[in-house]
Amino acid sequence: MALWDRFKESASQMQTQLVAKKNDLKSGAFRDASMAMCALVAAADGSVDPSERQRVAQLISTNEVLQNFPADDLRHRFESNLDKLTADFAFGKVSILQEIAKAKKKPAEARAVIQIGIVIGGADGDFDKDERAVVREACYALDLPPHEFDL
């Protein structure tokens, strides 16, 4: 099986797992960490072009798991995190990783945040090295082994 086909299957399985856990993923820490993860993946290469911003915002609003939360609230949190990253990527990244780390108290939520990062990262058909690297960093922030997610 080609690497891309394996990745698509893995991302699909992760989305299915997330949907199965949807009722357990309603905390504020999960919401905030998920939006921080989405922003981090969107800005993984150090910049965010408007089409990428729009694409990730669209994915957030249509993701079944994230529908536990008001779409406008999610969009506001996503945009706020992106603003931090575009103002000063290095400093913003530290703040974003701290936000993501708040989900580590609940292992199921921590894993779900990583899975959301992978699903968002691969949604355009290319989970590139920059996206993989920031999701790997988020694993460390959440005390999760990256190899558990093939990172």
Inset, instruction - Considering each of A90, A39 in turn, give the residue that is within 13 Å of A138 (Cβ to Cβ) and either of a type outside the set (D, E) or open to solvent by 10 Å² or more (accessible area, probe 1.4 Å) (or both). - result: A39
Legend entry - Matching option when the condition is open to solvent by 70 Å² or more (accessible area, probe 1.4 Å), in a helix (DSSP H, G or I) and on the phi < 0 side of the Ramachandran plot, among D130, D124, D72, D45: D72
Inset, instruction - Determine which single condition R77 fails, assuming it passes every other condition in (1) open to solvent by less than 50 Å² (accessible area, probe 1.4 Å); (2) farther than 22 Å from D150 by Cα. - result: (1)
Inset, instruction - Report the residue count in the stretch 48-69 for those that are in a helix (DSSP H, G or I) and over 21 Å from P107 (Cα atoms). - result: 13
Legend entry - Selection from the stretch 133-151 of residues that are within 17 Å of E99 (Cβ to Cβ), open to solvent by less than 30 Å² (accessible area, probe 1.4 Å) and assigned to a helix (DSSP H, G or I): V134, V135, A138, C139, A141
Legend entry - Hits in the stretch 98-113 (condition: over 15 Å from L66 (Cα atoms) and basic (K, R)): K102, K104, K105, K106
Inset, instruction - Look at the stretch 93-121 and say how many of its residues are charged (D, E, K, R) and open to solvent by less than 50 Å² (accessible area, probe 1.4 Å). - result: 3
Legend entry - Residue match in the stretch 90-102 (condition: assigned to a helix (DSSP H, G or I), farther than 22 Å from R77 by Cα and out of contact with any strand residue (DSSP E or B) (no Cβ under 6 Å at 6 or more places or on another chain)): no
Legend entry - From the options S61, S27, residue that is modelled with pLDDT under 90, open to solvent by 20 Å² or more (accessible area, probe 1.4 Å), farther than 15 Å from G121 by Cβ and more than 15 Å from the chain's Cα centre (by Cα): S27
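The values are calculated or read from the model by the stated rules, or taken from the named source; none is laboratory data. Since this is a predicted model, take the numbers as computed values, not measurements. Glycine gets a Cβ as well: all are built from the backbone with ideal geometry, and neighbour counts include every protein chain shown. All accessible areas refer to the heavy atoms of the entire protein, side chains included, with ligands and DNA or RNA removed. Shrake-Rupley method; radii C 1.70, N 1.55, O 1.52, S 1.80 Å.
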